[in-house]
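Contents: one structure, followed by commentary.
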Amino acid sequence: MRRVYLDYAATTPIRPEVWSAMEPYLREIYGNPSSLHSFGRESRVAIEEAREKIAKAIGAKNDEIIFTSGGTEGNNMVLKGVAFALQDKGKHIITTPIEHHAVLEPCHFLEKLGFEITYLPVDKTGLVDPDDLKRAIRKDTILISIMHANNEIGTIEPIKELSNIAKEREVYFHTDAVQTVGHIPVDVKDLNVDFLSISAHKFYGPKGVGALYIRKGTKVYPLLHGGEQEGRRRAGTENVAGIVGMGKALELAISELDREMERLTKLRDYFIREVERRIPDSYLNGHRIQRLPNNINFSFAYIEGEALLLNLDMEGIGVSTGSACSSSSLEPSHVLSAIGVPIELVHGSLRFTLGLWTTKEDLDYTLDALERIVNKLRAISPYKQGWTLKREG
Ligand code: 7TS
């Protein structure tokens, strides 16, 4: 059976070149990068080369990059690290209701500790209005955290405009760029941000490794205390092979960025057009243009996303109903709820995310299966027969 992977936003396979770059650091080059002997120095050189590649890819200086275990750690470090470092200045943080849980959960934790969080409204495409940010900033605001692009609906936020407002008011600005680095141009100077989170497994690097950009001179406490690694900002022996793999993966992604963006945008728009043409009562979620080149998210009326997902899985097609991180709960997507998608439609939503190995043939195979399965599920759907969730009387 044909297998079609359309869940690249959840994770990507590592590229063969990335594996080749990593392999020596899992075998013969094993020294601890903090060791002073030649075994250690070999690992240290590899880490510093990777740091340079990451820094160069996003327009940062080498010493503004620290290595982490991924997007979750980077986000946690910024939220908690700034909160703890600046709590004497203020205890107010601004974010949005459509952030990944790796931002929202640290916010909920900080609320329990007495911090106050403002969740900015978003419009029906998921965009934040800069005027709302202007109004929300207070004297005691210490941090603004707004994602570069949303992982469920692909909407790209106007980060430059938002961060400029933060700069005028001298408030730190963090962006979770886990879905954008390696996919669309990201430059920390151009975006004018103080912190930016990166995760390697979203751009064909290994899982469990990431990076955090921290603008020089910015105050933030470490999350992990221990050894003196990463300029005392992140203790623990570095994941050498992972870091080398991330450097290689980002270097490759940047070298192919323009070509891949163009190819995926065409595929994305083809898929969107075909769904809208072939499947009635289907609604695109997110912004049509200000959107990640690889993201498609649709709500299909009268059916359940899970049923659709499982039926597609039986035909070898891997998609998701939203973020894989919340797929074990039946909680409706907080992103779709925040952009005002009616609850029945939220439950009938699917995310298709494309990547390096996605072809037009894969999409045609998926479209045929999707059309067939949607029709089948609708034929047996009580909602399609006019039932409602409420009982009369
Ligand atoms: N931030 C965003 C915007 C993400 O999309 C993810 C993972 C993370 C943070 C967490 O990164 P990690 O390196 O700790 O894994 N997002 C998804 C997703 O959309 N589906 O599965 C995981």
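The values are calculated or read from the model by the stated rules, or taken from the named source; none is laboratory data. Only a predicted model underlies this, so the values are computations on that prediction, with no experimental measurement involved. Using ideal geometry, Cβ is built from the backbone for each residue, glycine included, and neighbour counts are taken over all protein chains shown.
Of all residues in the stretch 292-331, those being outside any loop (DSSP other than H, G, I, E, B), closer than 21 Å to residue 71 by Cα and modelled with pLDDT of 95 or more number 2. Just give me the residues in the stretch 287-326 being closer than 14 Å to residue 153 by Cα and among the β-branched types (Val, Ile, Thr), in sequence order. Matches in the stretch 287-326: 289, 296, 319, 321.
When the stretch 144-186 is filtered for residues that are touching a Ser or Thr at 6+ places or on another chain (Cβ under 7 Å), part of a strand (DSSP E or B) and either free of Cβ contacts under 8 Å to residues at least 40 places away in the same chain or of a type in the set (Ser, Thr, Tyr) (or both), the ones remaining, listed by number, are 145, 155, 172, 173. Could you please give the count of residues in the stretch 268-286 that are more than 25 Å from the chain's Cα centre (by Cα) and within 22 Å of residue 127 (Cβ to Cβ)? So the count comes out to 1.
Within the set 73, 64, the sole residue that is acidic (Asp, Glu) and either within 16 Å of the ligand (Cβ to nearest atom) or exposed (fewer than 15 other Cβ atoms within 10 Å of the Cβ) (or both) turns out to be 73.
Run down 125, 141 and say which single residue is away from the ligand (no atom under 16 Å from the Cβ) and within 19 Å of residue 289 (Cβ to Cβ). Before you say what the answer is, go through the steps one by one.
Numbers: 141 fails: within 19 Å of residue 289 (Cβ to Cβ).
Of the residues listed, the single one that is away from the ligand (no atom under 16 Å from the Cβ) and within 19 Å of residue 289 (Cβ to Cβ) is 125.
Look at the stretch 26-38: where a residue is in the same structural domain as residue 243 (by TED's automatic domain parsing) and a partner is in a loop (DSSP other than H, G, I, E, B) and of a type outside the set (Lys, Arg), sitting 6+ places away or on another chain with Cβ atoms under 6 Å, you get 32/237; 33/238. Pairs meeting the criteria (first residue in the stretch 99-120 and farther than 24 Å from residue 339 by Cβ, second residue away from the ligand (no atom under 13 Å from the Cβ) and assigned to a helix (DSSP H, G or I), beta carbons under 6 Å, at least 6 apart or on different chains) are 110/83; 115/83.
If you go through the stretch 119-143 and keep only what is of a type in the set (Gly, Ala, Ser) and either within 9 Å of residue 93 (Cα to Cα) or part of a helix (DSSP H, G or I) (or both), you end up with just 136. When the stretch 1-18 is filtered for residues that are part of a loop (DSSP other than H, G, I, E, B), under 16 Å from residue 250 (Cβ atoms) and more than 16 Å from the ligand (Cβ to nearest atom), only 15 remains. Filtering the stretch 148-179 to residues that are closer than 23 Å to residue 63 by Cβ and within 12 Å of the ligand (Cβ to nearest atom) leaves 148, 174, 175, 176, 177, 178.
Yes or no: the stretch 19-36 includes at least one residue that is within 16 Å of the ligand (Cβ to nearest atom) and either buried (at least 18 other Cβ atoms within 10 Å of the Cβ) or part of a helix (DSSP H, G or I) (or both). No, because not a single residue in the stretch 19-36 is within 16 Å of the ligand (Cβ to nearest atom) and either buried (at least 18 other Cβ atoms within 10 Å of the Cβ) or part of a helix (DSSP H, G or I) (or both).
Looking across the stretch 264-291, the residues that are buried (at least 16 other Cβ atoms within 10 Å of the Cβ) and either among the charged types (D, E, K, R) or in a loop (DSSP other than H, G, I, E, B) (or both) come down to 268, 274, 279, 285, 286, 287, 291.
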